[in-house]
1. In this structure, is THR95 in a loop (DSSP other than H, G, I, E, B), more than 30 Å from GLU24 (Cβ to Cβ), of a type in the set (S, T, N, Q) and at pLDDT 95 or above?
2. Out of TYR183, TYR168, I need the residue that is within 16 Å of the ligand (Cβ to nearest atom), out of contact with any Gly (no Cβ under 8 Å at 6 or more places or on another chain) and without any contact (Cβ under 8 Å) to a residue 40 or more places away in the chain. Which one?
3. Looking only at residues that are in contact with a Ser or Thr (Cβ under 7 Å, 6 or more places away or on another chain) and open to solvent by less than 30 Å² (accessible area, probe 1.4 Å) in region 60-83, which one is farthest from the ligand (Cβ to nearest atom)?
4. Could you list, in sequence order, all residues of region 194-240 that are closer than 17 Å to THR265 by Cα and assigned to a loop (DSSP other than H, G, I, E, B)?
5. For the condition more than 17 Å from VAL22 (Cβ to Cβ) and either in contact with a Pro (Cβ under 7 Å, 6 or more places away or on another chain) or hydrophobic (A, V, I, L, M, F, W, C) (or both), what is the one hit in ILE84, ILE71, ILE102?
6. Let me spell it out: the conditions are (1) within 23 Å of HIS74 (Cα to Cα); (2) away from the ligand (no atom under 13 Å from the Cβ); (3) in a helix (DSSP H, G or I); (4) open to solvent by 60 Å² or more (accessible area, probe 1.4 Å), and SER110 meets all of them except one. Which number is the exception?
7. Out of the residues in region 11-34 meeting the condition of being within 15 Å of the ligand (Cβ to nearest atom) and farther than 26 Å from VAL214 by Cα, tell me which one is most open to solvent (accessible area, probe 1.4 Å).
Amino acid sequence: MEVILAESAGFCFGVKRAVETVYEQAAGGGRIYTYGPIIHNEEVVSDLEKKGVRVLKEEELDDLQEGTVIIRSHGVPREVQRRIRERSLVCVDATCPFVKRIHKIVEKESRAGKQIVIIGNPGHPEVEGIMGWSETPAIVIETAQEAENLHVSGDRDICLVSQTTFNYNKFQELVEIIQKKGYNVSVANTICNATEERQAEAKLIASQVDAMIVIGGTHSSNTRKLYEICRKECEYTCFIQTLDDLQLDFPDSVFRVGITAGASTPNYIIEEVQNYVRINF
Ligand code: F3S
């Protein structure tokens, strides 16, 4: 059996960097906290727990007396960083550099008097973090209707940024609506293409193999999307969470198997599946 593993399977650069940072800090001992779960994967979070890493809730921060607090790849508002440092806790910032870049743009442009408009999901922690770097209240826009309704008082210039995982076409659509409203708008396209690259590679591999395995959490929307993309290209596409779910009853005509994985799937699960398929088929 020939196995083709997608290079972009699993963690993106920013998440990988953040998870590695937590393991490094845990190896050094002491009280280690992550500000929110480092990743939406229970196995990784519980493995870290065994190594003494606790997930810190926002309301627990002000009671903390000592230890190291790690900021995850999504980033946090400036205020949270200040609270961590003020309490003499050690702050390890694992914010993805692509997200950090947005924080810097927002901080600088809002200081220059511009109205910050973020295109993204208002409830998402990354967006809440970005909002917290603006000197004046930022506006979040997610839909065309909200873009149509945008009103900036005092005719201030607008600085527009995007959540890193926002859909590019939708971003363009919303930018055009806002530009037509006559404001002076500077646009920073801050979309990260890690998700798109993962999807494009999965599509390509699925079109070249006889069977495709997609690994990821059943609640993970990005893994579900990967599955749908692959299923369109390859009839024998299966969706599994771990090796235990794998039941390979592919027809004899299957000689090449492709493997990809969602953004929260740790490498060891991908490796296990890959080795199993290589050895047993
Ligand atoms: Fe990942 Fe950073 Fe992009 S966390 S999705 S590499 S913005």
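1. Values: in a loop (DSSP other than H, G, I, E, B): yes; more than 30 Å from GLU24 (Cβ to Cβ): no; of a type in the set (S, T, N, Q): yes; at pLDDT 95 or above: yes.
The answer is no for THR95.
2. On the way: TYR183 fails: within 16 Å of the ligand (Cβ to nearest atom).
Only one candidate qualifies: TYR168.
3. Taking region 60-83 as the starting set, the residues that turn out to be in contact with a Ser or Thr (Cβ under 7 Å, 6 or more places away or on another chain) are 70-73, 75.
Adding the requirement that they be open to solvent by less than 30 Å² (accessible area, probe 1.4 Å) leaves 70-71, 73, 75.
Values: ILE70: 14, ILE71: 12, SER73: 4, GLY75: 9 Å.
Filtering region 60-83 for residues that are in contact with a Ser or Thr (Cβ under 7 Å, 6 or more places away or on another chain) and open to solvent by less than 30 Å² (accessible area, probe 1.4 Å), the one farthest from the ligand (Cβ to nearest atom) comes out as ILE70.
4. GLY216, GLY217, THR218, HIS219, SER220
5. Values: ILE84 fails: more than 17 Å from VAL22 (Cβ to Cβ); ILE71 fails: more than 17 Å from VAL22 (Cβ to Cβ).
Just one listed residue meets the conditions, ILE102.
6. In the conditions (1) within 23 Å of HIS74 (Cα to Cα); (2) away from the ligand (no atom under 13 Å from the Cβ); (3) in a helix (DSSP H, G or I); (4) open to solvent by 60 Å² or more (accessible area, probe 1.4 Å), SER110 misses (4) alone.
7. Here the answer is THR21.
Listed here are the residues, each with its yes/no results for (1) in contact (Cβ under 8 Å) with a residue 24 or more places away in the chain; (2) in a strand (DSSP E or B); (3) aromatic (Phe, Trp, Tyr).
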position	(1), (2), (3)
TYR33	yes, yes, yes
ILE39	yes, no, no
VAL76	yes, no, no
VAL80	yes, no, no
ARG83	no, no, no
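The values are calculated or read from the model by the stated rules, or taken from the named source; none is laboratory data. Every value quoted in this text rests on a predicted model; they were computed, and no experiment measured them. Note that each Cβ is placed from the backbone with ideal geometry, even for glycine, and that neighbours are counted across all protein chains shown. Each accessible area value is taken on the protein alone, full model and side chains, heavy atoms only, with ligands, DNA and RNA left out. Shrake-Rupley method; radii C 1.70, N 1.55, O 1.52, S 1.80 Å.
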